[in-house]
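Novice: Here's a structure for you.
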Amino acid sequence: MSEEKVVKQISPDLKLLDLTLKNASAIQSSLMGEFTAEGSQEILVARPGGALEVYKIESSDDGDNDEDEDEEEETRVWLKMVMRVETKSIIRSIETVRLTGEKRDLIIVGSDSGNTSVMDFEGGQVKILHCPAFGKTGCRRGTPGQYLAKDPKGRAFMISAIEKRKLVYVLNRDSSGQSTIASPLEAHRSRTIVLDTVGVDNGYDNPIFASLEYQYPDEEDLLDGMSSIEDGVQKEIAYYELDLGLNHVSRRWAASTHPSACCLAPLHGGADGPSGVLIGGEDYIEYLHEGMTGDKIICAIPRRKLHPPNKGILITHLTVHKQKKSKFFALAQSELGDVYKVSIRLDPDDKTKVAGITASLLDTLPVANGLNVSKLGMLFIPAEFGDHALYQFERIDVEGDAPSCSSEDTIQAFKASGATEKDFFNTVNASKMAATFTPTTLKNLRSIYTMESLAPTTGVLIGELAGNEVSPQIYTLNGRGPRSSLRTLRHGAAVTELAVSDLPGTPGAVYTIKDISPDALEKKREVDKFIVVSFADATLVLKIGETVEEVGKESSFVTNAKTLACAALANGKIVQVHPSGVRLISDGKAQQWDCPGLKRIECASANESQVIVALAGGDLIYFELDPTTGVLVDKPPIDMGADVSCLDIGTLQAGRSRSMFAAVGFRDQSVKILSLEPNKLLTQRSSTALRARPHSVALQYMKSSGDNADDLVLTIGLDDGSSVRTGVDAITGSISTSPTGRFLGARPVSVSRITIDSTAATLLLSSRPWISRPDPKSGKNIMAPLSYAPLDHGCSFSSDAIKEGIVATSGTTLRILSVESQGSALGTEDEAFNSNKVDLRYTPRQMCLHAAGTQTDAKKLVLAVVESDYNDYGLEKKNAMGFDPTGSGKNKEDGDGMDIDSDEEKDSDEEDEDDKKARVTPIRGPVPDLPGHWGSCIRICDPSNGCSTLDCVELPENEAAFCCASVRFHSRGGEALLAVGTVSGMTLHPMKYKGSFIVIYRVLAGGKLHLLHRTPVEDGPVLALAHFQGRLLAGIGQTLRLYEIGKRQLLRKCELRGLPTMVKTLHGAGDRAYVGDLMHSMQFVRYDSATNKLILVANDRLPRPITCQELLDMNTIAVGDKFGNISVLRLPRGADARAVDMSGTRALWDSSRDNVTPRLETLCNYYVGEVVTGMTRSSLVAGGSESLIYVTATGRIGALVPFTSRENVEFYTELEACLRKDAPRYTGREPQAYRSYYAPIKNVIDGDLCEAYGKLSFEEQQKIAQQIDRNVGEVIKKLEDTRNALL
Amino acid sequence: MSTAGGNSIPPEQLKVRYLGTGHADISKHEWITNQHRDTLASHVAHYDQLSYYAVAQNESIARLRLNMLEKIYSPCGAPPKKEDV
């Protein structure tokens, strides 16, 4: 239990290192374009936390497997990350611009740096073209950066602030073809708030930018009665014209729009279309352009049947897509997720005029932060919350049968009503004339790829709760409303199990033999022909075809002895090494070389042309294939003087006839590299001493960070469960001086070569399987465990069906596995976790670990999750209204997402299942017309069974659960009870509620919830609960209260009133309670059991709006706040002693005497860049040291790792200082200033900045390494080691 | 406040140049309105905070952004009449 964690004293000079475990997965905006190369359809996404990423849409039917005959196989489409840029700043807006005559897009970024940055991503390399400064740093009201708009012809762009300021930059080219940027032209307008800007397409006339804006009244005018706020917001669309001749910007034209207008999209102009802008707002889409005559062009949007008629539906995003032959259409998405197709009808007489628009329902998709249509008919949706998705259009001409509304009908209704514009275009009238529909599964789109997103993460818990795994899992609460989920994240790559079959015994090794028959070579595909499984005294040969079948004696293999090595030779023969000899097999006939005398072969290794065997006693014999005679020629034995424990002959590089080196491991704890050159045969080139006996070695060529030759890498698995990886010089054979070691598990490590994503990788098997491979992007080697059961032996496997697989043995089973790598860069930091999710019903708010069951022997750990949604009905009410969450047409009794799969009819065949899955879409429930409605439930999940739901209790109408805690009341014995804090009928603006309760449940052995009693509480809503000294501590509004359990309700024991605003977080340890306030940071409270009083011990200097907290030791607490800071606060020495109230004159420590309350010291301060919503202290590997793991609202998982040695502190401090200077500043933001956004950074080192070292050029790396008196290899190794120690 | 060269800026210019610059006779209402406008603009500019509020209120991020931008119009209502001050 969390409150029973060992709390130990931490050192006074706490210094932390911030490392990202998983990058923020939300996308704040995205754009389509061609960035890295011409003709590539790429998606640029901006992620919170300041990262820009470029994704390419890849599909399985392009590339080199075009000629494959597996056409019936469905083409798979995925997004591949091409590049990632960490800007170390807050990105506010992004825009693409294509200079005249260019074939690629440039990227413009508006950020908090006070600069605007124009970048070129050619070839995946970032080139900062311009970064002109124009204002102050920070996301201020009047500093431009919030909005970016470009001229469609690439001649200029406008960058605007929320208020007043707009700057126009003119882009040009100098005589050498380099792009230039002119100093900005101002288009300021005071008291003007901008809601959106776009560049209007008017061909090659002067560039025009459209801005949706309004002006607020001047304070003086209000006082003088010259204007009044009664008129309300009056929005305008204004055209700002850049006069290229005069070089100035003027506000050329403005027209009022309807009052709820929200977003803009420009229509194509010039020769391609009518120009002008579409304006999306509440319930209406409008078209406006300068010089329009005749009627307004405005149309209502189709509405959901269950949507209340007085509640508007906002169009939140608009995008225009140009089809071929100057045809175009627009897409609009509403805040409910419904996507409308807006078709624009042109005047038949004058093609430059718009005659009318029609909005028709396309489909219901997740609510998105953008709509990106690709030229290939795909739609990318960066979801606000939950997974992002890529859709394929199946149909776009939907006007005929989909619910539609046209502008003509809307105008007709307007004219018929006789009302004024202002009175008519409101929600009530819109709902009268709009077509209605019921959201269903996808009809015109098909989901083809989803990109995982953890946003929003609302809670985190770490522990080995699955019960049978080595490493702890990370449990996170994610999503919102219909997309809520509980995810289990495991470090490592996900593995797909393709086949499992039983074996007659426990195998000692497994090999595959390549098919190099002319037939197979013709196809240019490397597939395997045989799987050879070796037992203690037998060998099993399995032939790979359509199925895998055993072949007996006819294979000519020796089957009554174990196999030590086998391989296909270049001439089509097969070599098998068994203890008494080497056998050469061709077409069912065999030749054998027998061991001299009574000696036995201990170990062996073979490739296409070479075989090396080690005899007992240390004799090595080398064989080489004679290309003319086709036989293996043995060379005289050489005595190595020590027993050989393992050896590897390496692989042939393309075009070479032999491997130049063999690696041999000896029992005297050393590994030697021997030369295989004919004239220096088996002479030692280099050797390395190890701390344990080598168990297995592998020598292979791996992709290097540079573009040139591959690196030769030696990987050694040791008997003590660790591995060593070192580079070998490909010419001299010398081993590099700084090998990287890593502990992998409790068993001797066996190493083998595999292929992932067509690049070489290493499989390392200990008590956990691992994969090691180089990441050419960062230049680092990546080690990732596989999320799979322990394997004993393994090697690569490839067949027609499985391109890159692994065949492995585990116990007495043979398994064929494949490592998930498609669409993601396996093993890079970003993909270091694989996740499983279970759906929840409402937005999860909090979770806690709970021991279920009453008898001590039947105890079982379960997860209790409280879920609640504001502005939503409860399940019963939804069902009663006829709402169907699946949209499939059949209304189910239980709309619970978790049961959908089991309810599905099983008889439908697989394709139908796939199709159904591609058409599932989240549908938000009916929105209540008045505030104060809640849907909420309490759920018990079983972490040992994939987090399946054991029980789920729906709360009474409009009652919402916000917090939960597992409590053991001492007066009730050892049974743990679940306490849930609920509030009923709450509205947020203004904050009001009807009642608040603490509900106590027993969790029975089967995980069923059994209600004990409900206790109404006064004084405020319950937002925090904690176990405290065998009682329940509750934060109720401004009051902290201690409860004892009673028969019919909870009994008050004592309370502390007058806390600043509202208790948000609560922790108890010893006699202390740690109270986090909604606005006023931490209060340390002490319970004096003698006088039964809660006494305020200390509070904080800064008013932090606390979102989460975690206790580090009795005097130290880490907190996260709403602005995205993490701070560590400590009680000053002796402060507690003064709080002991001997005399009973409590007034001395009363919070009313603010100036005498001791203040907490700030130990650390760090700006994460995203709202931190949860943190926990835990280690991520069994037995590892603890670090502080935090999650953010936008889906980042990060770790703050305490430094353990002074040396490391010095190293990182120096490295960080160098990188602050030398790391590229993509948006011009100073890294240190960014991390000090709200308060100066203190005692935390930005690990992500330090890791940027790996991405610098070698010269820069060397320069920095010199400055800190190290070499490049050492620095990179240190960075790797730190990360490896964490995971 | 001074220019890059170190010369001081006259208050009238300062008020024009920097939004929300106060003056000696600033009313409480104007002062607090300014603060609210700054806060709302800051919320809109930080995507992470917007999404945090969006989860709490179960609204779409774009709706929340619009609400906040519209609230800038008059975050604290009309100023009290002059004679009341």
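The values are calculated or read from the model by the stated rules, or taken from the named source; none is laboratory data. Bear in mind that the values here come from a model prediction, so they are computed numbers and not experimental data. Note that each Cβ is placed from the backbone with ideal geometry, even for glycine, and that neighbours are counted across all protein chains shown.
Novice: Kindly evaluate A:ILE357 against the criterion of being within 30 Å of A:VAL45 (Cβ to Cβ) and either in contact with a Lys or Arg (Cβ under 6 Å, 6 or more places away or on another chain) or surrounded by 22 or more Cβ atoms within 10 Å (Cβ to Cβ) (or both).
Specialist: Working: within 30 Å of A:VAL45 (Cβ to Cβ): yes; either in contact with a Lys or Arg (Cβ under 6 Å, 6 or more places away or on another chain) or surrounded by 22 or more Cβ atoms within 10 Å (Cβ to Cβ) (or both): yes.
Yes, satisfied.
Novice: Also, quick follow-up: Given the conditions (1) of a type in the set (D, E, K, R); (2) more than 7 Å from chain A (Cβ to nearest Cβ); (3) more than 12 Å from the chain's Cα centre (by Cα); (4) farther than 23 Å from A:TYR1167 by Cβ, and given that B:LYS71 satisfies all but one, which numbered condition is not satisfied?
Specialist: Unmet condition: (3).
Novice: Then there is this: Hey, any hits in segment A:348-366 for a residue that's part of a loop (DSSP other than H, G, I, E, B), within 14 Å of chain B (Cβ to nearest Cβ) and within 30 Å of A:ASN871 (Cα to Cα)?
Specialist: As a first pass, look at segment A:348-366 and keep what is part of a loop (DSSP other than H, G, I, E, B): A:348-353, A:365-366.
Next, from what is left, pick out any that are within 14 Å of chain B (Cβ to nearest Cβ): A:365-366.
If we keep only those that are within 30 Å of A:ASN871 (Cα to Cα) too, we end up with A:365-366.
Yes; the residues of segment A:348-366 include at least one that is part of a loop (DSSP other than H, G, I, E, B), within 14 Å of chain B (Cβ to nearest Cβ) and within 30 Å of A:ASN871 (Cα to Cα).
Novice: Which of the residues that make up segment A:142-167 are surrounded by fewer than 24 Cβ atoms within 10 Å (Cβ to Cβ) and either touching a His at 6+ places or on another chain (Cβ under 7 Å) or closer than 18 Å to B:THR21 by Cα (or both)?
Specialist: Across segment A:142-167, the qualifying residues are A:GLY142, A:LYS164.
Novice: Here's another thing I want to ask about it. Against the definition (under 30 Å from the mean Cα position of the chain (by Cα), crowded, with 21+ Cβ neighbours inside 10 Å, polar (S, T, N, Q) and not in a loop (DSSP other than H, G, I, E, B)), how does A:SER944 come out, yes or no? Break it down into steps so the answer makes sense when it comes.
Specialist: Working: under 30 Å from the mean Cα position of the chain (by Cα): yes; crowded, with 21+ Cβ neighbours inside 10 Å: no; polar (S, T, N, Q): yes; not in a loop (DSSP other than H, G, I, E, B): yes.
No, not satisfied.
Novice: Just checking, does segment A:708-718 include any residue being surrounded by 18 or more Cβ atoms within 10 Å (Cβ to Cβ) and in a loop (DSSP other than H, G, I, E, B)? Quick ask: steps written out before the conclusion?
Specialist: From segment A:708-718, those surrounded by 18 or more Cβ atoms within 10 Å (Cβ to Cβ) are A:711-718; that's our starting set.
Subsequent filtering for residues that are in a loop (DSSP other than H, G, I, E, B) retains none.
Among the residues of segment A:708-718, not one is surrounded by 18 or more Cβ atoms within 10 Å (Cβ to Cβ) and in a loop (DSSP other than H, G, I, E, B), which makes the answer no.
Novice: I'd like the residue in segment A:90-126 that is surrounded by fewer than 16 Cβ atoms within 10 Å (Cβ to Cβ) and within 26 Å of the chain's Cα centre (by Cα) and, out of all such residues, is farthest from the other protein chains (Cβ to nearest Cβ).
Specialist: That would be A:GLY123.
Novice: Any chance you could count how many residues in segment A:224-274 are without any contact (Cβ under 8 Å) to a residue 24 or more places away in the chain and either under 16 Å from A:GLU286 (Cα atoms) or of a type in the set (Asp, Glu) (or both)?
Specialist: Within segment A:224-274, residues that are without any contact (Cβ under 8 Å) to a residue 24 or more places away in the chain and either under 16 Å from A:GLU286 (Cα atoms) or of a type in the set (Asp, Glu) (or both) number 5.
Conditions tested, residue by residue: (1) under 24 Å from A:GLY49 (Cβ atoms); (2) acidic (Asp, Glu); (3) not in a helix (DSSP H, G or I).
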| site | (1), (2), (3) |
| --- | --- |
| A:LYS1221 | yes, no, no |
| A:PRO1224 | yes, no, yes |
| A:THR1227 | yes, no, yes |
| A:PRO1240 | yes, no, yes |
| A:LYS1277 | no, no, no |
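Novice: Have a look at B:LEU66, B:LEU50, B:LEU40 and point out the one that is touching a residue at least 24 places away in the same chain (Cβ under 8 Å), under 30 Å from A:THR458 (Cα atoms), surrounded by 13 or more Cβ atoms within 10 Å (Cβ to Cβ) and at the interface with another protein chain (Cβ under 10 Å from one of its Cβ atoms).
Specialist: On the way: B:LEU66 fails: touching a residue at least 24 places away in the same chain (Cβ under 8 Å); B:LEU50 fails: touching a residue at least 24 places away in the same chain (Cβ under 8 Å).
On inspection, the qualifying residue turns out to be B:LEU40.
Novice: Further, regarding this structure: If I ask for residues that are in a loop (DSSP other than H, G, I, E, B), at the interface with another protein chain (Cβ under 10 Å from one of its Cβ atoms) and either over 40 Å from the mean Cα position of the chain (by Cα) or more than 21 Å from B:CYS76 (Cβ to Cβ) (or both), which ones from segment A:187-207 would you list? Before the answer, list the steps.
Specialist: Taking segment A:187-207 first, the residues in a loop (DSSP other than H, G, I, E, B) are A:187-191, A:201-207.
Now restrict to residues that are at the interface with another protein chain (Cβ under 10 Å from one of its Cβ atoms): A:188, A:190-191.
If the condition is that a residue be in a loop (DSSP other than H, G, I, E, B), at the interface with another protein chain (Cβ under 10 Å from one of its Cβ atoms) and either over 40 Å from the mean Cα position of the chain (by Cα) or more than 21 Å from B:CYS76 (Cβ to Cβ) (or both), then A:HIS188, A:SER190 are the ones that fit.
Novice: Name the pairs whose Cβ atoms lie under 7 Å apart, with the first residue in segment A:208-223 and within 10 Å of chain B (Cβ to nearest Cβ) and farther than 17 Å from B:ILE72 by Cα, the second surrounded by fewer than 24 Cβ atoms within 10 Å (Cβ to Cβ) and among the charged types (D, E, K, R), and 6 or more positions between them or separate chains?
Specialist: A:LEU223/B:LYS82
Novice: Just name the residue that is nearest to the other protein chains (Cβ to nearest Cβ) out of those in segment A:229-241 that are farther than 17 Å from A:ARG155 by Cα and surrounded by 19 or more Cβ atoms within 10 Å (Cβ to Cβ). Write out each step before concluding.
Specialist: Taking segment A:229-241 and keeping what is farther than 17 Å from A:ARG155 by Cα, we get A:229-238.
Narrowing the set further to residues that are surrounded by 19 or more Cβ atoms within 10 Å (Cβ to Cβ) leaves A:233, A:235, A:237-238.
Working: A:VAL233: 5, A:LYS235: 9, A:ILE237: 15, A:ALA238: 16 Å.
Among them, the one singled out is A:VAL233.
Novice: Condition check: within 14 Å of the chain's Cα centre (by Cα), at pLDDT 90 or above, away from chain B (no Cβ under 14 Å) and within 30 Å of B:ASP48 (Cβ to Cβ). Does A:THR488 satisfy that?
Specialist: Details: within 14 Å of the chain's Cα centre (by Cα): yes; at pLDDT 90 or above: yes; away from chain B (no Cβ under 14 Å): yes; within 30 Å of B:ASP48 (Cβ to Cβ): yes.
Here the answer is yes, as A:THR488 does meet what is asked.
Novice: Please go through segment A:242-264 and pick out each residue that is within 14 Å of chain B (Cβ to nearest Cβ) and either assigned to a strand (DSSP E or B) or at positive phi (or both). Before you say what the answer is, go through the steps one by one.
Specialist: First pass over segment A:242-264, keeping only residues within 14 Å of chain B (Cβ to nearest Cβ): A:257-264.
Scanning segment A:242-264 gives A:CYS263, A:LEU264.
Novice: Okay, moving on. Could you list, in sequence order, the residues of segment A:936-990 that are within 19 Å of A:LEU861 (Cα to Cα) and of a type in the set (Asp, Glu)?
Specialist: Of the residues in segment A:936-990, the ones within 19 Å of A:LEU861 (Cα to Cα) are A:938-953, A:963-969, A:973-980.
Result: A:ASP942, A:ASP951, A:GLU975.
Novice: Next question. Does A:GLY135 satisfy the condition of being within 14 Å of chain B (Cβ to nearest Cβ), more than 25 Å from the chain's Cα centre (by Cα) and under 21 Å from A:TYR1237 (Cβ atoms)?
Specialist: Numbers: within 14 Å of chain B (Cβ to nearest Cβ): yes; more than 25 Å from the chain's Cα centre (by Cα): yes; under 21 Å from A:TYR1237 (Cβ atoms): yes.
Spelling it out, A:GLY135 is indeed within 14 Å of chain B (Cβ to nearest Cβ), more than 25 Å from the chain's Cα centre (by Cα) and under 21 Å from A:TYR1237 (Cβ atoms).
Novice: Taking segment A:73-112 only, how many residues are among the aliphatic types (A, V, I, L, M) and at pLDDT 90 or above?
Specialist: To start, the set of residues in segment A:73-112 that are among the aliphatic types (A, V, I, L, M) comprises A:77, A:79, A:81-83, A:85, A:90-91, A:94, A:97, A:99, A:106-109.
Filter again for at pLDDT 90 or above, leaving A:85, A:90-91, A:94, A:97, A:99, A:106-109.
The total comes to 10.
Novice: Still on this structure: Consider A:GLY1007 carefully, then state whether it is in a loop (DSSP other than H, G, I, E, B), within 15 Å of A:ALA976 (Cα to Cα) and at pLDDT below 95. Break it down into steps so the answer makes sense when it comes.
Specialist: Details: in a loop (DSSP other than H, G, I, E, B): yes; within 15 Å of A:ALA976 (Cα to Cα): yes; at pLDDT below 95: yes.
In short, yes.
Residue-wise test of (1) within 14 Å of chain B (Cβ to nearest Cβ); (2) outside any strand (DSSP E or B); (3) touching a residue at least 24 places away in the same chain (Cβ under 8 Å).
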site	(1), (2), (3)
A:ILE279	yes, no, yes
A:ILE285	no, no, yes
A:THR293	no, yes, no
A:CYS299	no, no, yes
A:VAL320	no, no, yes
A:GLN333	yes, no, yes
A:LEU336	yes, yes, yes
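Novice: Only one of (1) in the same structural domain as A:LEU690 (by TED's automatic domain parsing); (2) closer than 25 Å to A:TYR511 by Cβ; (3) modelled with pLDDT under 85 fails for A:SER752. Which number is that?
Specialist: (3)
Novice: Related question: Quick check: is even one residue across segment B:43-63 more than 20 Å from A:PRO48 (Cβ to Cβ) and either hydroxyl-bearing (Ser, Thr, Tyr) or part of a helix (DSSP H, G or I) (or both)?
Specialist: Within segment B:43-63 (the criterion being more than 20 Å from A:PRO48 (Cβ to Cβ) and either hydroxyl-bearing (Ser, Thr, Tyr) or part of a helix (DSSP H, G or I) (or both)), the answer is no, since none of the residues qualifies.
Novice: Of all residues in segment A:1013-1038, count the ones that are surrounded by fewer than 20 Cβ atoms within 10 Å (Cβ to Cβ) and assigned to a strand (DSSP E or B).
Specialist: Total meeting the criteria: 3.
Novice: Something else: Say we look at segment B:74-85 and pick out the residues that are crowded, with 17+ Cβ neighbours inside 10 Å and facing another protein chain (nearest Cβ under 7 Å); which of these is farthest from A:ASP221 (Cα to Cα)?
Specialist: So, considering only residues that are crowded, with 17+ Cβ neighbours inside 10 Å and facing another protein chain (nearest Cβ under 7 Å), the one farthest from A:ASP221 (Cα to Cα) is B:SER74.
Novice: If you don't mind, there's one more thing I want to ask. Looking at segment A:558-649, what strands (runs of 3 or more DSSP E) fall wholly within it and have at least 2 residues that are surrounded by fewer than 22 Cβ atoms within 10 Å (Cβ to Cβ) and of a type outside the set (Lys, Arg)? Step through it out loud before you land on a result.
Specialist: Working: elements: A:565-568, A:574-578, A:581-586, A:589-594, A:601-606, A:610-615, A:619-625, A:632-634, A:644-648.
It comes to A:581-586, A:589-594, A:601-606, A:619-625, A:632-634.
Novice: Check segment A:1211-1222 and report whether any residue there is over 25 Å from A:LYS780 (Cα atoms) and of a type in the set (S, T, N, Q).
Specialist: Initially, segment A:1211-1222 is screened for residues over 25 Å from A:LYS780 (Cα atoms), giving none.
No, every residue in segment A:1211-1222 fails to be over 25 Å from A:LYS780 (Cα atoms) and of a type in the set (S, T, N, Q).
Novice: Which of the residues spanning segment A:146-162 are on the phi < 0 side of the Ramachandran plot and either more than 14 Å from chain B (Cβ to nearest Cβ) or among the polar types (S, T, N, Q) (or both)?
Specialist: Quick first cut of segment A:146-162, residues on the phi < 0 side of the Ramachandran plot only: A:146-153, A:155-162.
Once the filter is applied, which keeps residues that are on the phi < 0 side of the Ramachandran plot and either more than 14 Å from chain B (Cβ to nearest Cβ) or among the polar types (S, T, N, Q) (or both), segment A:146-162 yields A:GLN146, A:ALA149, A:LYS150, A:ASP151, A:PRO152, A:LYS153, A:ARG155, A:ALA156, A:PHE157, A:MET158, A:SER160.
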